[in-house]
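Data first, discussion second: the structure below is written as structure tokens.
The values are calculated or read from the model by the stated rules, or taken from the named source; none is laboratory data. Here the structure is a predicted model, which is why all the values come from computation and not from measurement. Neighbour counts are summed over all protein chains in view; Cβ atoms, including those assigned to glycine, are modelled from backbone coordinates with ideal geometry.
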Amino acid sequence: MAIQIQGNSGTIAEVDGTVYRAVRVTTRPTDYGLLGQYRISMQSGTMAAGLAAFATIFYCRWVVAPQLCLIFGVSMDGVAGTTTAFSAGYGFHGLQALRSFTVDGSGGNLATLTGNNQKMRASMPSSLMGTIRWSSTGALATGTSTPDPQGFGHIWYPIGTAASVNYVSQTELYGSISLEDGGNPAPIVLAQNEGISVNAAMPGTGTWQFGLTMAWSEVNSY
């Protein structure tokens with residue numbers, strides 16, 4: 001006996017092919033309802049030598065309730081040494097969750113999120129994100145929060161003693177910055193006063209720059 005599947009609009013589901021007769025579907029980004037989808041791509045200035053181990057170079061803080069922030073992807077878009085060479089060692093960048101924010105951080109560059117900034121479509125409302133910061137020349141102060149003891153994703157890479165070397169091309173620390181969640185890991189879901197940070201550990205003496213991209217959706221429920 002045939003069974004028909006009817007969609008929300010009353011349209012009957014169709015199938016593809018003549019062998020497997022699989023249901024025809026269209027993969028779409030998460031339904032953001034009355035809120036929106038956003039993306040930010042940023043670049044540091046020249047990071048000074050001697051960065052403290054596991055120093056924070058990026059963080060965001062979600063401040064509203066009951067709305068939720070779904071982070072679908074965070075990528076390092078590049079890490080390059082500049083004119084002052086490193087001592088040999090390893091570079092590290094890791095993504096970590098921050099819980100129970102009570103005091104915002106400081107330093108670096110502060111993203112402007114008003115108006116049409118970072119919207120994927122102009123008709124979407126302005127982002128509800130509280131804070132996005134990234135380093136300009138040194139580590140950020142992340143304020144008062146409780147970091148998870150382990151991270152969600154990280155990369156390691158060798159660093160030599162030559163100056164002006166590109167060490168990392170675009171590499172995702174988590175998920176996909178395409179904002180399409182079909183087949184990708186579940187998003188990192190931020191409730192009020194939660195956030196994420198990207199931390200770095202680099203060998204001594206060298207100066208460097210980095211780029212970073214984050215893609216997220218804002219929803220009323222998930």
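Pick from 177, 155: which is over 22 Å from residue 90 (Cβ atoms) and either in contact (Cβ under 8 Å) with a residue 40 or more places away in the chain or out of contact with any His (no Cβ under 8 Å at 6 or more places or on another chain) (or both)?
On the way: 155 fails: over 22 Å from residue 90 (Cβ atoms).
Exactly one of 177, 155 is over 22 Å from residue 90 (Cβ atoms) and either in contact (Cβ under 8 Å) with a residue 40 or more places away in the chain or out of contact with any His (no Cβ under 8 Å at 6 or more places or on another chain) (or both), namely 177.
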- [ ] Out of 50, 73, report the one residue that is assigned to a strand (DSSP E or B) and modelled with pLDDT under 95.
- [x] 73
Task: Those residues of the stretch 76-95 which are outside any loop (DSSP other than H, G, I, E, B) and over 17 Å from residue 148 (Cα atoms), in sequence order - done: 76, 77, 78, 79, 80, 81, 89, 90, 91, 92
Task: Tally, over the stretch 39-72, of residues that are of a type outside the set (S, T, N, Q) and over 17 Å from residue 172 (Cβ atoms) - done: 19
Open item on the list: Is it the case, given these coordinates, that residue 26 is in a loop (DSSP other than H, G, I, E, B), modelled with pLDDT under 95 and surrounded by 13 or more Cβ atoms within 10 Å (Cβ to Cβ)?
Closed with: no
TODO: Confirm whether residue 190 is at pLDDT 95 or above and closer than 25 Å to residue 46 by Cβ.
DONE: no
Open item on the list: Looking at the stretch 121-159 only, could you name the residues that are surrounded by 14 or more Cβ atoms within 10 Å (Cβ to Cβ), small (Gly, Ala, Ser) and farther than 14 Å from residue 103 by Cα?
Closed with: 126, 127, 135, 136, 138, 139, 151, 153
Open item on the list: Step by step: first the residues of the stretch 96-110, then only those that are small (Gly, Ala, Ser) and crowded, with 18+ Cβ neighbours inside 10 Å, then the one that is farthest from residue 190 (Cα to Cα). Which residue is that?
Closed with: 108
